[in-house]
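To keep things clear, I will list the structure first and then write my remarks on it.
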Amino acid sequence: MADPVLVRLLGTGEHAVDCDECFDQLDRYVEAELARQPVDELFPGFRAHLVGCPTCAEEHESLRALLETEEIR
Amino acid sequence: MTQTTYLIVGGGMTGDMAAKGIREHDADGRIVIVGADPNPVYKRPLLTKGLWSGAPEEKLWREPAAGADVVTGRRIVSLDLDGHRATDDAGEEYEWQKLLLATGAEPRKIPGADGVVWFRTLDDYRLVRAKATDGARFVVIGGGFIGSEIAAALAGAGVKVTMVFPEPGIGFRLFPAGLSGFLVDYYREKGVEVLSGETVSAASGTSVTLGDGRVLEADCVVAGLGVIPETGLAEAAGLEVDDGIVVDLYGRVSGRQDVFAAGDVARFPVPALGISMRIEHEDHANTHGKLVGGNMAGPVRLYDHLPLFYSDLFDLGYEAVGQVDSRLETVEDWQEPNRKGVVTYVEDGKPRGVLLWNVWDKVDDARKLIRSGEGTFAL
């Protein structure tokens with residue numbers, strides 16, 4: 001597994017996602033994840049941002065848990 | 001072949017305190033300490049703190065434990081736990097009865113970035129100090145503990161410092177966002193150029209290339225990107241490793257009564273928090289080292305200490321205990337915004353950590369609050 005500290009520092013060489021962009025698109029990203037779509041292609045730079053940003057990562061986990069629960073229902 | 005009752009692998013503060021812990025119970029048993037650092041044990045915190053504010057190098061040294069044989073500049077490279085043997089990188093063999101792994105941690109490095117000073121040891125300090133002449137240009141990569149401390153120290157020494165880090169603020173993983181952002185302004189007021197939110201695409205001893213292609217030239221590039229526990233020896237010996245060597249409340253590794261680990265490299269249970277942690281600070285190195293050393297030689301005692309850590313950033317200073325992690329909910333109580341106050345870190349309504357910002361002699365109160373499991377810290 002990549003070292004998250006270095007991922008944050010070095011970036012990925014692809015489009016850099018910031019917190020605002022992450023916030024705007026997070027619901028679509030999670031829906032795509034749950035639909036098993038190729039999220040790294042659809043949302044370039046998104047995964048790197050989630051690895052590097054604890055706030056967005058927590059938001060991502062919460063939203064994913066919520067939508068997974070809704071799917072089960 | 002060197003025969004010893006106690007073999008301590010690692011010549012840092014933890015190993016030194018472990019030897020002293022052993023001596024409280026066993027006045028005569030032979031203790032051999034083998035450490036990779038070429039220097040005898042020294043007080044590591046001074047490398048980014050006191051030595052930059054006037055303390056002479058003589059203040060670095062600690063008196064070693066009585067009668068301990070200290071081997072510097074050697075690294076233990078293999079262990080045979082059942083055979084009670086170890087071998088160092090010069091081929092010397094050691095036969096031991098009790099073993100302590102106090103191998104510490106190594107600085108995280110950017111692959112291929114040759115020439116950067118990955119600040120960790122006394123030799124790193126001496127190298128940086130020699131280059132830190134008045135007006136020299138330094139780039140410091142990293143805005144965490146070491147990055148923020150060394151940047152402040154260098155600026156205080158008359159060096160022109162540029163800090164680069166990917167987070168939005170200094171100490172962003174530790175402090176609430178407001179305080180972290182305040183520190184950016186504060187460092188700028190002190191003359192440090194702060195480039196927050198910047199990635200690094202390449203670095204050498206004299207330049208840093210940012211993610212957008214800008215190049216920062218420097219007389220010296222120093223990085224403080226955190227550390228990685230030195231668990232390779234333990235892993236090769238088949239010990240349980242999970243971001244650190246996993247130990248029990250007494251510092252013993254799983255399944256053995258004769259092998260222990262302590263200090264930076266150990267992942268230990270924290271009863272007061274109900275989790276395991278690995279801590280890379282002086283108070284833990286000293287306290288855990290001494291207790292586990294004592295457990296190697298005498299009746300075992302459990303480690304229920306909540307370690308303190310501290311830092312000085314120009315005129316500001318803090319002490320903290322417990323889980324000081326900005327991902328937790330924070331409750332702030334400021335007497336003077338960002339200058340004097342207390343932050344309580346809360347999870348599920350319970351206090352998990354306390355940051356005492358320019359507030360002194362309250363660490364024990366903070367520990368009591370965390371152990372109580374309720375409330376927040378009020379000044």
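The values are calculated or read from the model by the stated rules, or taken from the named source; none is laboratory data. Owing to the predicted nature of the structure, the values given are computational and were not obtained by experimental measurement. Note that each Cβ is placed from the backbone with ideal geometry, even for glycine, and that neighbours are counted across all protein chains shown. Calculation scope for accessible area: heavy atoms of the full protein, side chains included, ligands and nucleic acids excluded. Shrake-Rupley method; radii C 1.70, N 1.55, O 1.52, S 1.80 Å.
Annotations for the structure displayed:
- The listed residues are B:A177, B:A132, B:A157, B:A203, and the only one of them that is farther than 13 Å from A:L9 by Cβ and within 13 Å of another protein chain (Cβ to nearest Cβ) turns out to be B:A177.
- Matching residues, the stretch B:24-64, being in a helix (DSSP H, G or I) and open to solvent by less than 50 Å² (accessible area, probe 1.4 Å): B:P45, B:L46, B:L47, B:G50, B:L51, B:W52, B:L60
- The stretch A:35-60 - residue that is more than 26 Å from B:R214 (Cβ to Cβ) and part of a loop (DSSP other than H, G, I, E, B) and, of those, nearest to the other protein chains (Cβ to nearest Cβ): A:F43
- Scanning the stretch B:314-361 for residues that are more than 27 Å from B:F268 (Cα to Cα), touching a Phe, Trp or Tyr at 6+ places or on another chain (Cβ under 6 Å) and among the polar types (S, T, N, Q) turns up just one, B:N338.
- Of all the residues in the stretch B:34-86, those that are over 30 Å from B:A153 (Cβ atoms) and β-branched (V, I, T) number 4.
- Taken over the stretch B:270-281, the criterion of being touching a residue at least 24 places away in the same chain (Cβ under 8 Å) and either surrounded by 18 or more Cβ atoms within 10 Å (Cβ to Cβ) or in a loop (DSSP other than H, G, I, E, B) (or both) is satisfied by B:V270, B:P271, B:A272, B:L273, B:R278, B:I279, B:E280, B:H281.
- Hits in the stretch B:238-250 (condition: under 18 Å from B:H84 (Cα atoms) and out of contact with any Ser or Thr (no Cβ under 8 Å at 6 or more places or on another chain)): B:G238
- For first residues located in the stretch B:320-343 and within 14 Å of chain A (Cβ to nearest Cβ), partners that are of a type in the set (K, R) and open to solvent by 40 Å² or more (accessible area, probe 1.4 Å) and lie 6+ apart or on another chain with Cβ distances below 6 Å form the pairs B:S326/B:R173.
- With respect to (1) within 11 Å of chain A (Cβ to nearest Cβ); (2) at pLDDT 95 or above, the lone exception for B:I170 is condition (1).
- The listed residue being more than 10 Å from chain B (Cβ to nearest Cβ) and modelled with pLDDT under 85, out of A:A65, A:A32, A:A2: A:A2
- Residue selection: B:R252 satisfies the criterion of being touching a residue at least 40 places away in the same chain (Cβ under 8 Å), of a type in the set (D, E, K, R) and more than 14 Å from chain A (Cβ to nearest Cβ).
- Scanning the stretch B:154-176 for any residue that is open to solvent by less than 10 Å² (accessible area, probe 1.4 Å) and of a type in the set (S, T, Y) turns up nothing.
- Among the residues making up the stretch B:81-111, those that are more than 30 Å from B:G142 (Cβ to Cβ) and polar (S, T, N, Q) are B:T87, B:Q97.
- Within the stretch B:164-204, the set of residues being within 26 Å of B:V342 (Cβ to Cβ) and in a strand (DSSP E or B) comprises B:F165, B:V194, B:S196.
- If the condition is being in contact with a strand residue (DSSP E or B) (Cβ under 6 Å, 6 or more places away or on another chain) and over 13 Å from B:F377 (Cα atoms), then the stretch B:323-336 contributes B:Q323, B:V324, B:L328, B:E329.
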